[in-house]
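**Q** Can you read through this structure? Questions will come right after.
The values are calculated or read from the model by the stated rules, or taken from the named source; none is laboratory data. Here the structure is a predicted model, which is why all the values come from computation and not from measurement. Because the Cβ atoms are built from the backbone with ideal geometry, glycine has one as well, and the counts that use them run over all protein chains shown. Surface areas here come from the heavy atoms of the whole protein model, side chains and all, with no ligands, DNA or RNA. Shrake-Rupley method; radii C 1.70, N 1.55, O 1.52, S 1.80 Å.
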Amino acid sequence: MKSMEQFLIIVLVAGGIHAHVSVDETTCDLTKNTCPCAPLLKGTVYIQVMTDASGREMKCLKVLPKVNITVFNIKKEKITTDKEFNNRLQFIIKNGTLKITNVRRNDSGHYSIEVFNSNGVQEKNIHFTLDVKALVPVDETTCDLRTSTCPCSPFLEGTVYIQVMNDASGHEMKCLKVLPKGNITVFNIKKEKIMTDKELNNRLTFIIKNGTLKITNVRRNDSGQYSIEVFNSNGVQEKNIHFTLDVKDNGKVEGMGTYCDGSKDGTKCYRALGGTLDIHLGSISEILEYQLLKRSLKIFNVKKNMISFKTTEHRYLFLSNGTFRINNLSRSDSDNYTLQTFDSDGRRSDERILQLFIQAPVSSVLLVSECLSQGEMRVSCSSEGGDSPQYSWTLDGRKLTDAELLSVNNESNIITLKQNVSGRLVCSVRNNVSDVSKEQMISTCGAGILPLMGGVLSALIIFLIVAVAVMCSRRKKQKNKPTKQEEDDQAIMFTDVSLTQQQGKQVVQRGEMEVETE
């Protein structure tokens with residue numbers, strides 16, 4: 001085994017990985033995981049048996065109902081294999097790894113590996129299962145929650161059948177996706193009718209008679225922890241089933257997938273927090289010496305096909321096809337990565353820089369609408385999670401026009417729609433690693449009725465004010481009107497005054513006349 005391949009296995013052990021390396025390569029770690037190892041038909045599988053098999057003897061058996069078959073024997077670090085595995089099986093002593101190439105269907109089965117020390121004393125007996133998967137179609141996966149608690153690993157854009165129970169007739173169910181901030185109800189089943197979350201609309205079905213959950217067009221964000229609560233016909237909970245979906249790449253290159261082209265200088269890659277990244281370093285098999293740095297920190301260097309890691313980070317892998325992988329991406333992985341190559345004289349011949357940005361994906365979107373007094377509608381859109389989210393709106397599949405929009409507040413993600421606007425309103429929230437949307441059917445707020453009601457109300461108020469004023473005026477007049485006695489008294493007083501004034505006038509006239517006659 002060449003040193004590059006030996007290194008591949010060492011790194012896989014250090015990271016404790018049980019995942020697809022590429023479409024036709026699978027790695028399984030028996031030191032950490034007892035779940036079945038599921039290589040692809042005609043592919044290659046690397047099985048980590050122990051960290052180092054130096055000085056040990058081994059015997060591997062394929063367990064059959066009638067007679068076990070000896071798959072291989074190792075004595076004094078020499079291996080003999082069964083004819084079925086001739087030229088397909090290798091064991092790397094220094095890192096305790098079993099490699100099988102050109103995997104066949106009949107390789108599926110139960111195996112045991114007996115390990116002895118140098119004195120011939122048995123140290124352990126390791127049991128494992130090979131479950132060979134057909135390469136075509138790669139878009140269908142079956143998982144059985146009745147018999148296995150291992151993660152269910154469907155392919156991206158494929159279909160998964162999840163056996164929950166034998167028969168769900170007469171049962172009620174509630175399936176939750178478990179999230180740190182709040183669980184999401186995936187589906188509810190009552191009286192054999194199902195209601196699903198919008199994220200799984202038209203993608204999820206549940207077959208009552210055989211208790212099977214089916215999800216089509218599997219998405220990356222379907223990965224996660226789930227629980228299914230099962231109730232009997234009386235509403236009493238019978239069981240709570242927990243399972244994990246771990247969506248795998250189907251080998252396609254996507255803008256938001258795991259692949260990133262590091263063969264070109266200045267490449268920018270955006271990946272989701274907690275995800276996986278594969279950086280393809282280009283055609284480097286003929287280069288005698290090269291190294292990869294994260295800013296100024298050296299990650300690894302390769303010289304004459306001898307590879308050496310300069311960090312103890314267990315999330316890093318280097319694959320035999322010239323791909324550098326980072327698992328379980330964290331924010332600290334955001335940085336500049338530099339690949340430096342050197343000529344035969346040790347002089348730097350080329351340098352390529354890749355910029356990596358890790359972002360939290362948008363997890364959910366919420367729409368809230370309210371009617372305003374003049375018949376307009378205010379709609380707010382908010383998102384949970386997600387770094388640097390960007391918002392956009394559509395109505396019936398097209399962008400909103402100025403004739404429909406009264407105002408837009410980009411900072412608070414609030415829009416105000418004019419009167420008589422209706423249809424399917426969608427708010428989409430996206431960043432460089434995710435794209436989530438929420439839709440709502442909106443109808444008019446009664447734009448023609450509200451102004452009319454407002455006018456009638458105003459007229460009514462004015463009428464009431466005028467009526468009150470008239471009544472007050474009449475009451476005041478009645479209060480000031482004199483009684484009959486008061487009218488008679490005023491008439492007598494007026495007569496007396498008049499007579500007195502007339503008499504006085506006569507006296508004055510007489511006096512004046514007398515003065516004149518003198």
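**Q** In a shell of Cβ-Cβ distance under 12 Å around N336, excluding N336 itself, what net charge do Lys and Arg (+1) and Asp and Glu (-1) give?
**A** Values: positive: K268, K294, R295, R352; negative: D265, D333, D335, E351.
Spelling it out: positives minus negatives among the neighbours equals 0.
**Q** Counting Lys +1, Arg +1, Asp -1, Glu -1, what net charge surrounds F85 among other residues with beta carbon under 12 Å of its beta carbon?
**A** Details: positive: K62, K83, R88, K99, R104; negative: D82, E84, D107.
For residues surrounding F85, the net value is +2.
**Q** Further, regarding this structure: Heavy atoms only, probe 1.4 Å: what % of the accessible area of the range 314-396 goes to carbon and sulfur, would you let me know?
**A** 44 percent
**Q** Residue farthest toward the positive end of the dipole of the range 263-421, with Cβ of Lys/Arg at +1 and Asp/Glu at -1: which of S283, A403, L366?
**A** So the residue furthest toward the plus end is S283.
**Q** Net charge near E123, counting Lys/Arg +1 and Asp/Glu -1 over other residues with Cβ under 13 Å of its Cβ? Walk me through the intermediate numbers first.
**A** Numbers: positive: R56, K59, K124; negative: D52, E57, E114.
Value of the local net charge: 0.
**Q** Going by average Cβ density within 10 Å per residue, which order do the peptides 439-445, 340-346 take, highest to lowest?
**A** Working: 439-445: 14.9, 340-346: 12.6.
In decreasing order of mean packing, 439-445, 340-346 become 439-445, 340-346.
**Q** I've got another one for you. Suppose R0 equals 25 Å; then what is the FRET efficiency for N102 and Q225 from their Cβ-Cβ distance, rounded to the nearest 0.05? Please report the intermediate quantities before stating the final value.
**A** Values: r = 36 Å, r/R0 = 1.44.
Working from the Cβ atoms, E equals 0.10.
**Q** Between the range 28-75 and the range 150-212, how many Å separate their Cα centres?
**A** So the two Cα centres are separated by 35 Å.
**Q** Roll a 1.4 Å probe over the protein chains and send me the accessible area per residue for the range 61-150 in Å². Let's see the in-between values first.
**A** Working: 5510 Å² over 90 residues.
For the range 61-150, the solvent-accessible area averages 61 Å² per residue.
**Q** Quickly work out the E351-to-A403 label distance, labels modelled 7 Å from Cα along the C-beta direction, and quote it in nm with one decimal.
**A** The two pseudo-label positions are separated by 5.8 nm.
**Q** What does a probe at D343 reach in the range 276-291, counting residues whose amide N is under 19 Å from the point 7 Å along Cα→Cβ?
**A** Those under the cut-off are 284-291.
**Q** Determine the percent antiparallel among the DSSP beta bridges restricted to the range 82-192, to the nearest 5.
**A** Working: 17 of 22 bridges.
Counting DSSP beta bridges with both partners in the range 82-192, the antiparallel share is about 75 percent.
**Q** Further question on the same structure: Subtract the Cα-Cα distance of N201 and D139 from 0.36 nm times their separation in residues, and report this length gain in nm to one decimal.
**A** On the way: separation 62, 0.36 × 62 = 22.32 nm, distance 1.94 nm.
So the extension gain works out to 20.4 nm.
**Q** Out of all Cα-Cα pairs in the range 348-408, roughly what percent, to the nearest whole number, are more than 17 Å apart?
**A** Numbers: 1135 of 1830 pairs.
Everything past 17 Å amounts to 62 percent.
**Q** Right, next: With the other protein chains left in place, how much accessible area per residue, in square angstrom, belongs to the range 340-451 at a 1.4 angstrom probe?
**A** Solvent-accessible surface per residue comes out at 54 Å².
**Q** Taking square-rooted eigenvalues a ≥ b ≥ c of the alpha carbon gyration tensor, is the range 236-377 rounded, prolate or oblate, where a/c under 1.5 means rounded and, failing that, a/b exceeding b/c means prolate?
**A** Working: a/c = 3.16, a/b = 1.94, b/c = 1.63.
Cα axes put the range 236-377 in the prolate bin.
**Q** Separate question: Sort 61-71, 263-273 by packing, meaning the average of other beta carbons within 10 Å per residue, with the highest value first. Let's see the in-between values first.
**A** Details: 61-71: 12.4, 263-273: 15.5.
Highest to lowest by the protection proxy: 263-273, 61-71.
**Q** What do you get for Rg/Rh of the range 151-262 when both radii come from the Cα atoms and Rh is the Kirkwood radius? Walk me through the intermediate numbers first.
**A** Values: Rg = 15.3 Å, Rh = 15.0 Å.
Result: Rg/Rh = 1.02.
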